[in-house]
Amino acid sequence: FKTCPGRVLCKLPCSGEKEVDLAVQSAKAAFKIWSQMSGMERCRVMLEAARIIREQRDEIATMETINNGKSIFEARVDIDISWQCLEYYAGLAGSLAGEHIQLPGGSFGYTRREPLGVCVGIGAWNYPFQIACWKSGPALACGNAMVFKPSPFTPISAVRLAEIFTEAGVPKGLFNVVQGGAATGQFLCHHPDVAKISFTGSVPTGMKIMEMAAKGIKPVTLELGGKSPLIIFSDADLENAVKGALMANFLTQGEVCCNGTRVFVERKILDTFTKEVVKRTQKIKIGDPLLEDTRMGALINRPHLNRVQGFIKQAKEQGAEVLCGGDLYVPDDPKLKNGYYMRPCVLGNCKDDMTCVKEEIFGPVMAILPFDTEEEVVERANATKFGLAGGVFTRDIQKAHRVVAALKAGMCFINNYNISPVELPFGGYKSSGFGRENGRAAIEYYSQLKTVCVEMGDVESVF
C-alpha cells in the first residue's frame, strides 16, 4: 500500500445472491462446531486473535489509514480498541451462564444462554476494522458465526480481520466477509438462514434493514446517526472544555456518528470560548494521514466532501457565520493534490432551526449556540429526532449528573467526549437506533434464553 488520494486503491467484485448464500452456508457449518465448544475454548481462540492484532498493530493501522483517510495517529487508537474488544469478550466467553431457580416440592428450573446462529454484521466506512471487531467480538463469544459486509468505500481491513481469525484457529467460515453495496445487504437480510442483523450507518438505511428483518422476524441492532448536544457551562474548566469540543467534532474528519456537533455555550463565556476554539481549530495539522504529526486526513470521497461543503454553503445562506475553515485544502505535497481535504469549520451565529444545526453533516463542522439557563439548554438539547450521545462540561458535579439524567441520549459524557471503552455499552435512543454495542449489554443481543422447568414429583393435572 501507499498513499494515493483520489485514485483507485483496489477493485473488488460485489457478492451476489450466490456468493452470499455460499458465505451463509459456510458460516452455518462453522457454527455447528463453534457453538459446541466450551466458553473457555472459544476464549483461547479469541485471545489469540487479539494477540495477532496487537502484534500487527502498526501494519493494520497503516492499512486502515489508506482504507479510510484518517490520521495514522487515530488509526492506531482504533486498532488498540479492536484488540481490546476481542480480549474483553474472550474474557466473558467462559463466564456466560444461565441461572438455577428453586421451585416448590424440590422441583426446579434453569435457564440456558444459547447462541442465535449465523449473525450478519453490516459496517460503516468511518471505523471499518473497529466496527468489525465490535460486532464479531460479542457474536463469537456467545457461540455465533458471522457474515460481515464492510462498506464498499472501505472494503479492505475487514478481510484482514477474517484472515486473523482463521490464523487464530476459528473453524473455517466462522467469520466470512462479503463485499458490495445495497443489493448485497438485501441478500443478507432476506436470507432464511440468517438469525440476526447488526447494522451501523445512516437512519434511512437502518429503516430499510428493519423492514427487511421484520419479514423474517429477525432481531436487529441499529447504531444510526446523531446530532448530539455538547453543553458547556460557564463554570467549566475552559481549557478542558475547548479540548472536549475539538474531540467532539473533528475526530476522523468529523465523520463520527456520536459527535457533539451542537455546541451549546453559556452566554457569559461565549466569546472567550469561541475565540479559543477558533484559535485551536486553525492550528489543526491537515495533510498526509500517514505522517506522524497529521491530525486530520482526507474525507472519505468526493461526493461526501461536496455534500459537507453544501451544508456549509447553506448555513451561510441561512445566516450562520463561518468563523474559520470550511474551504477546500490543497496540501503542498503534489501527490496529495487530488485528495478530499477541507479545513475544519466553526460556525457562529447559529440558530436551532438552521439546517446545519438540525441535520447530521458528518464532516468537520462545529455549530456554536449560546444559552442562558440549565432548563432552557436541556430542552433545546433534546429537541431533535436523534438521541445517540450528549456531553456536559462543568465543575458542578451535581449539575453534571442532573443534566445527563435529563438528556434523551444513550451515551453521555461528563467533562470528556468521544471516549468509548469497550467495557461500556454504546448505542442510542429515538432515531439513533436501539440495541447496544460493547459491554455486557451486547451479550443480550447476540444470545437467547431457554427456560427449562423440571418437575420432581407427580404432574399436577387439572384433567
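The values are calculated or read from the model by the stated rules, or taken from the named source; none is laboratory data. It should be emphasised that the depicted structure is a prediction, and the values quoted were computed from it without experimental measurement. Don't worry about glycine lacking a Cβ; one is built from the backbone with ideal geometry, like all the others, and counts go over all protein chains shown. The accessibility values were calculated without ligands, DNA or RNA, using every heavy atom of the protein model including side chains. Shrake-Rupley method; radii C 1.70, N 1.55, O 1.52, S 1.80 Å.
Tally the DSSP beta bridges in the chain and give the antiparallel ones as a percent, rounded to 5. Spell out each step's value before the answer.
On the way: 18 of 55 bridges.
For the chain, the DSSP antiparallel bridge percentage is about 35.
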Expressed as a percent, the accessible surface of region 39-125 that is carbon or sulfur, using a 1.4 Å probe and the full set of protein chains, is 53
Here the net charge surrounding residue 167, from other residues whose Cβ is less than 13 Å away from its Cβ (Lys, Arg +1; Asp, Glu -1), is 0
With the Cα gyration tensor of region 218-332 in hand, give its eigenvalues times 5 under a square root as the equivalent ellipsoid semi-axes, listed largest first in whole angstrom. 24, 20, 17
When we measure straight from the Cα of residue 335, which aspartates and glutamates land under 17 angstrom away, once same-chain ones fewer than 8 places off are left out? 288
Protection proxy ranking of 40-46, 266-272 - average other beta-carbon atoms within 10 Å, highest first: 40-46, 266-272
Taking the Cα centroid of region 409-463 and of region 119-181, what is the distance between the two, rounded to the nearest whole Å? 22
Antiparallel content of DSSP bridges confined to region 229-414, in %, to 5: 15
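Pairwise over distinct Cα atoms, reciprocal of the mean inverse distance: report the Kirkwood radius of the chain in Å, one decimal place.
Details: mean 1/r = 0.0429 Å⁻¹.
So the Kirkwood estimate lands at 23.3 Å.
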Surpassing 28 Å at the alpha-carbon level, of the pairs 18/450; 18/215; 268/351; 337/358, are 18/450; 337/358
Cα-based Rg (one decimal) and Dmax (whole number) for region 229-414, in Å? 16.2, 53
So, with a 1.4 angstrom probe, what is the percent of accessible area on region 229-414 that is carbon and sulfur? 50
Taking alpha-carbon centroids only, region 97-112 lies from region 18-66 a number of Å equal to 35
So what's the projected area for region 1-101, the Cα convex hull averaged over all directions, in nm²? 9.6
Straight-line reach from residue 135: which aspartates and glutamates have a Cα under 12 Å away, not including same-chain ones fewer than 8 places off? 223, 437
Shape call, region 38-80: gyration tensor on alpha carbons, a/c limit 1.5: prolate
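Can you tell me what share of the DSSP beta bridges in region 326-463 is antiparallel? A percent to the nearest 5 is fine. Mind showing how you got there, number by number?
On the way: 2 of 9 bridges.
If we restrict to bridges inside region 326-463, about 20 percent are antiparallel.
Considering only protein heavy atoms, what per residue accessible area in square angstrom results for the chain with a 1.4 angstrom probe? Intermediate results must be reported in sequence, preceding the final value.
Numbers: 20110 Å² over 463 residues.
Spelled out: the 1.4 Å probe surface of the chain, per residue, equals 43 Å².
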